[in-house]
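Data first, discussion second: the structure below is written as structure tokens.
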Amino acid sequence: MNLSGNVAQLYQQLEGDLGRVEERLKAALTCEHKELQDAAMHLLSAGGKRLRPVFVLLAGTFGDYDFEQLSRVAVGLELIHMASLVHDDVIDDASTRRGTPTVKFLYGNRMSMYTGDFIFAQSLQVLTSIQDHTFHEILSKAIHRMTLGEIEQIKDLYNLNQSVRHYLHRIRRKTAFLIEMSCVLGAHATNAKKAHRNALRRFGYFAGMAFQITDDLLDLTSTKERLGKPVGSDLRQGNITLPVLLALCEKKIGDELRNLISPDMSEDAVESAIHLIKSSTGLLNAQKLADLYLIKASESLAMLPATSARLSLAALATYIGKREH
């Protein structure tokens, strides 16, 4: 994992608790059915930033830090995230993720869907061990909104006429909400003050929005080696992201870009579309919006006590906006 200095130091400080979270993720994915376990473990072994567990653990420091309670939240939310990735790869017909073959590529669609269902079921098993009605009310609403975001993305494939507002509403549900919930539920699980929970909710929302917009930018500007998947994957799959929407609004290239984007795009058409988007102000304006969300995220932290955890959250927000993959 290639991390900047401050964030690398943060991960080192959390190494003990994150290591235990990782072990509990492995334990949650252990089952009698070897092929099902192998498929689930394949995604886990591919690695990842484990951002959601990190947000849970840091948010928990603003209350009465209890690793046993926080680990259930961290493991449960990370499993929900993992289940969504397995299902996404089936829908997107993706062959690689994080530089390794996807579960879909190795095991096929049917096995992948059951693997995603299994991981999701395991997340619920972990989370239901938390005896807190309010916690489960917040969680159920989050899962409901995430599902709506996934459905909206499918409905909007190749939709070149969607508004930026609609896009932002969709990514909040699909991506930002789980990051927001990682902060909220981590704080809630340790009985943090209401004012601190509200500040963490706002921080998680703004950071989550910046995270997804940055993902959309990297899909067009990074490299296959850094992304672990082909450049322009979103465009190939018909997922119309913010830089594309903004480029479509430009008079000089909008019509030409519209003529290139279709379900049967050739590789030449994809390359031409990416070139047009890069020649527009779409990338720059999308980056400006991501930066604005990051500023809002940092402002939200001002309501929290001036602790090392607050500094770590600020460093994570900066990393989210500056990362290369």
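The listed residues are 39, 74, 83, and the only one of them that is open to solvent by less than 30 Å² (accessible area, probe 1.4 Å), farther than 25 Å from residue 181 by Cα and assigned to a helix (DSSP H, G or I) turns out to be 39. For the range 32-65, the set of residues classified as touching a residue at least 60 places away in the same chain (Cβ under 8 Å), over 20 Å from residue 97 (Cβ atoms) and either touching a Cys at 6+ places or on another chain (Cβ under 6 Å) or of a type in the set (Lys, Arg) (or both) consists of 55, 59, listed by residue number.
Within the range 78-87, is there a residue that is more than 24 Å from residue 186 (Cα to Cα) and either within 19 Å of the chain's Cα centre (by Cα) or of a type in the set (Asp, Glu) (or both)? Yes.
Quick check, is residue 27 assigned to a helix (DSSP H, G or I), in contact (Cβ under 8 Å) with a residue 40 or more places away in the chain and of a type in the set (Gly, Ala, Ser)? No. Could you check, for the range 255-267, whether at least one of its residues is surrounded by 14 or more Cβ atoms within 10 Å (Cβ to Cβ), under 23 Å from residue 211 (Cα atoms) and in contact (Cβ under 8 Å) with a residue 24 or more places away in the chain? Among the residues of the range 255-267, not one is surrounded by 14 or more Cβ atoms within 10 Å (Cβ to Cβ), under 23 Å from residue 211 (Cα atoms) and in contact (Cβ under 8 Å) with a residue 24 or more places away in the chain, which makes the answer no. In the set 296, 252, 229, only one residue is among the basic types (Lys, Arg) and within 21 Å of residue 93 (Cα to Cα); that residue is 229. Mind telling me which of the residues 281, 241, 221 ends up being touching a residue at least 40 places away in the same chain (Cβ under 8 Å), of a type in the set (Ser, Thr, Tyr) and open to solvent by 10 Å² or more (accessible area, probe 1.4 Å)? Step by step, each of 281, 241, 221 is checked, and only 221 is touching a residue at least 40 places away in the same chain (Cβ under 8 Å), of a type in the set (Ser, Thr, Tyr) and open to solvent by 10 Å² or more (accessible area, probe 1.4 Å).
Out of all the residues in the range 124-144, is one or more outside any loop (DSSP other than H, G, I, E, B), closer than 30 Å to residue 255 by Cα, open to solvent by 10 Å² or more (accessible area, probe 1.4 Å) and modelled with pLDDT under 95? Looking for residues that are outside any loop (DSSP other than H, G, I, E, B), closer than 30 Å to residue 255 by Cα, open to solvent by 10 Å² or more (accessible area, probe 1.4 Å) and modelled with pLDDT under 95, one finds none in the range 124-144, hence no. Cβ-Cβ contacts under 8 Å between residues 6 or more apart (or on different chains), taken from a first residue in the range 159-177 that is of a type outside the set (D, E, K, R) to a second residue that is surrounded by fewer than 15 Cβ atoms within 10 Å (Cβ to Cβ), are listed as 160/258. Of all residues in the range 201-218, those that are open to solvent by less than 10 Å² (accessible area, probe 1.4 Å) have Cβ atoms under 7 Å from Cβ atoms of residues that are of a type outside the set (A, V, I, L, M, F, W, C) and not in a helix (DSSP H, G or I), 6 or more apart or on another chain, in 214/323; 216/241. A count restricted to the range 179-192 and to residues that are in a helix (DSSP H, G or I) and open to solvent by less than 10 Å² (accessible area, probe 1.4 Å) stands at 9.
Every condition in (1) more than 17 Å from the chain's Cα centre (by Cα); (2) within 23 Å of residue 90 (Cβ to Cβ) is met by residue 61 except one, and the failing one is (2).
The values are calculated or read from the model by the stated rules, or taken from the named source; none is laboratory data. These numbers were taken from a predicted model, which means no experiment stands behind them. Every residue, glycine as well, gets a Cβ built from its backbone with ideal geometry; the counts of neighbours run over all protein chains shown. Ligands, DNA and RNA are stripped out before the accessible areas are found, and what is left, the full protein with its side chains, is counted by its heavy atoms. Shrake-Rupley method; radii C 1.70, N 1.55, O 1.52, S 1.80 Å.
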